[in-house]
Amino acid sequence: MIRSKSDLKEYMYRDKIALHYAEGVKRPGFKDDIWKFEILLRKNEYVTNCLKSNIFLPYKLYIKYRFHKMSLKLGFTIPLNSIDSGLSIAHYGLLTIGNCKIGKNCRIQEGVNIGSTSGDIKAATIGDNVFVGTGAKIIGNIKIADNVVIGAGSVVTKSILEEGVTYAGVPARKISNNDSKKFIDSRLID
């Protein structure tokens, strides 16, 4: 969670690396809607968490409005303070994330849905360095361990507690012991 301006800078720095941009290279914001979205996501988290005085209200409303418009344009539904630093959204297109917690260095493809079920308010808790493939569905108040790969089109309804494995299929089951390191920028992995 972003709690200061230095946290905001750190989150944005790690997000930029996660999107595979070389260090020192300025990301072309006028061409890259996903990078614009991630900037607005992080700024919205910052203004919501840190700027409490009413003097900042016009700025807060402006950031919230721009975030809302960009979310609609790209088809993203992502609640604030749900994803740690190092977020990489690979492509624009439908992306729905419910009331969940996602760890550091997560790479999410398009068409992913992470939500709750059976009247439960909470959705999944996802660990660090997780890759979620195109069209995957993660449903329910479950846990996903660190360094896990969830294959394209998979439906995950049960917790994945073993680290460094690949799950795929409907319903998802373990298919290999391959971890997510090839999908995550090596500069981010601690």
Are there any strands (runs of 3 or more DSSP E) wholly within region 111-190 with 1 or more residues that are within 19 Å of Asn99 (Cβ to Cβ), and if so which? 112-115, 137-139
Scope region 48-87; condition in a helix (DSSP H, G or I) and of a type in the set (D, E, K, R); matching residues: Lys60, Lys64, Arg66, Lys69, Lys73
Neighbours by Cβ (under 8 Å, 6+ apart or cross-chain): first from region 74-94, buried (at least 23 other Cβ atoms within 10 Å of the Cβ); second assigned to a helix (DSSP H, G or I) and of a type in the set (Val, Ile, Thr): Gly86/Ile17; Ile89/Ile34
Just name the residue that is nearest to the chain's Cα centre (by Cα) out of those in region 97-109 that are within 15 Å of Leu80 (Cβ to Cβ) and not in a loop (DSSP other than H, G, I, E, B). Ile102
Condition check for Val148: among the aliphatic types (A, V, I, L, M) and modelled with pLDDT under 95: no
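One line per residue, one yes/no per condition, for (1) under 14 Å from the mean Cα position of the chain (by Cα); (2) buried (at least 22 other Cβ atoms within 10 Å of the Cβ); (3) touching a residue at least 60 places away in the same chain (Cβ under 8 Å):
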{"residue": "Ala124", "(1), (2), (3)": "yes, yes, no"}
{"residue": "Val132", "(1), (2), (3)": "yes, yes, no"}
{"residue": "Lys143", "(1), (2), (3)": "no, no, no"}
{"residue": "Ala152", "(1), (2), (3)": "no, no, no"}
{"residue": "Val156", "(1), (2), (3)": "no, yes, no"}
{"residue": "Glu162", "(1), (2), (3)": "no, no, no"}
Select from region 164-190 the residues that are of a type in the set (S, T, N, Q) and surrounded by fewer than 18 Cβ atoms within 10 Å (Cβ to Cβ) and write down the one among them that is farthest from Gly133 (Cα to Cα). Ser186
For region 86-103, indicate whether the set of residues that are among the basic types (Lys, Arg), under 25 Å from Lys181 (Cα atoms) and in the same structural domain as Ser154 (by TED's automatic domain parsing) is non-empty. yes
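The values are calculated or read from the model by the stated rules, or taken from the named source; none is laboratory data. It should be emphasised that the depicted structure is a prediction, and the values quoted were computed from it without experimental measurement. Cβ atoms come from the backbone with ideal geometry, glycine included; neighbour counts cover every protein chain shown.
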